[in-house]
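Computed from the coordinates by the stated procedures, all read-outs in this text should not be read as laboratory data. Predicted, not measured: the structure shown is a model, and the values here were computed from it. In this analysis, Cβ positions are derived from the backbone assuming ideal geometry, glycine residues included, and neighbour counts consider all displayed protein chains.
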Amino acid sequence: MANQLTTHNIDEALTAAGLRRTPQRIALLDYLLRHPNHATVDELWPALNKRRTCASRATVYNALHSLVKAGLVREFKLDASAARYDAFLYPHHHFVCDRCGVVEDLEWFEVPAIRKARSGQRNIRSYEVVVRGECAKCR
Ligand SMILES: [Zn+2]
Ligand SMILES: [Zn+2]
């Protein structure tokens with residue numbers, strides 16, 4: 001597990017991951033760390049351009065992909081909708097609002113029954129729980 005990224009060690013993290021420090025990569029990490037709302041590319045792209053990191057959608061996508069490959073950003077898909085991006089790499093679970101689609105982090109807890117799933121031939125690398133319902137705003 002990589003050290004937790006903060007807005008203060010983005011440069012070091014990119015260098016340590018062997019990535020060039022492009023304005024797009026820096027802006028993406030900075031945005032994801034300041035807005036832990038599990039943005040999609042469609043949300044990230046306009047946000048980045050508002051901050052004058054002029055970039056095409058494809059550039060943003062490529063920069064994101066390189067960050068995911070280097071293990072600095074986690075990509076996940078909750079359902080058939082667009083992939084979401086998370087710069088918080090420590091283990092945590094997610095809450096999804098069925099009405100507005102917001103994705104919130106939940107504190108990590110062990111699922112005791114996972115031991116059963118580990119038995120036998122299976123090798124389980126990681127797991128996370130997705131809790132669904134209505135968020136505080138939608139209730
Ligand atoms: Zn909601
Ligand atoms: Zn998360």
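Just to confirm the number: angle between the C-alpha axis of helix 41-50 and the first principal axis of the chain, 0 to 90 degrees, nearest 10?
Roughly 30 degrees between the two axes.
Which whole-number percent of Cα pairs in the stretch 10-86 have a distance greater than 22 Å? Spell out each step's value before the answer.
Values: 430 of 2926 pairs.
Of all Cα-Cα distances in the stretch 10-86, 15 percent exceed 22 Å.
Could you compute the FRET efficiency for Val102 and Asp11, with r as their C-beta to C-beta distance and R0 at 35 Å, rounded to 0.05?
Working: r = 31 Å, r/R0 = 0.88.
For Val102 and Asp11, the calculated efficiency is 0.70.
As a check on your grasp of the helix formula, calculate [θ] at 222 nm for the chain: sum -39500 (n - 2.57) over DSSP H runs of n ≥ 4, divide by the residue count, round to the nearest 500.
Taken over the chain, the calculation gives -9500 deg cm²/dmol.
Using just the C-alpha positions of the chain as equal point scatterers, what log10 of I(q)/I(0) does the Debye formula give at each q in 0.10, 0.18 1/Å?
For the chain at q = 0.10, 0.18 Å⁻¹, log10 I(q)/I(0) is -0.39, -1.08.
Give the list, by residue number, of cysteines in the chain with no other Cys Cβ closer than 4.7 Å, or say none.
Cys54, Cys100, Cys138
If we count GluC sites (Glu not before Pro) as exposed when they sit in a DSSP loop and have at most 15 other beta carbons within 10 Å, what is the longest stretch of the chain that avoids them all? Display every interim value, and only then the final one.
On the way: sites that count: Glu107, Glu110, Glu128, Glu134.
Within the chain, the longest run free of exposed GluC sites (Glu not before Pro) spans 1-106.
Hey, got a sec? Which trypsin sites (Lys or Arg not before Pro) in the stretch 28-81 land in a DSSP loop and have at most 14 other Cβ atoms within 10 Å? Spell out each step's value before the answer.
Working: sites: Arg34, Lys50, Arg51, Arg52, Arg57, Lys69, Arg74, Lys77; in loops: Arg51, Arg52, Lys77.
Of the trypsin sites (Lys or Arg not before Pro), the ones in loops of the stretch 28-81 whose Cβ has at most 14 other Cβ atoms within 10 Å are Arg51, Arg52, Lys77.
Give the distance, in whole Å, between the Cα centre of the stretch 1-64 and the Cα centre of the stretch 95-139.
If we compute the Cα centre of each part, the gap is 25 Å.
Output the 0 to 90 degree angle, nearest 10, between the alpha-carbon long axis of helix 23-34 and the longest principal axis computed from the alpha carbons of the chain.
Tilt of helix 23-34: around 40 degrees.
Over the stretch 93-133, what per residue volume does the convex hull of the Cα atoms give, in whole Å³?
Numbers: hull volume 3.2 nm³, N = 41.
It comes to 78 Å³ per residue, whole-number rounded.
Counting other Cβ atoms within 10 Å, keep those with at most 15, restrict to DSSP loop, and tell me which chymotrypsin sites (Phe, Trp or Tyr not before Pro) in the stretch 58-114 are left.
Working: sites: Tyr61, Phe76, Tyr85, Phe88, Phe95, Trp108, Phe109; in loops: Phe88, Trp108, Phe109.
In loop regions of the stretch 58-114 (DSSP not H, G, I, E or B), the sparsely surrounded chymotrypsin sites (Phe, Trp or Tyr not before Pro) are Phe88, Trp108, Phe109.
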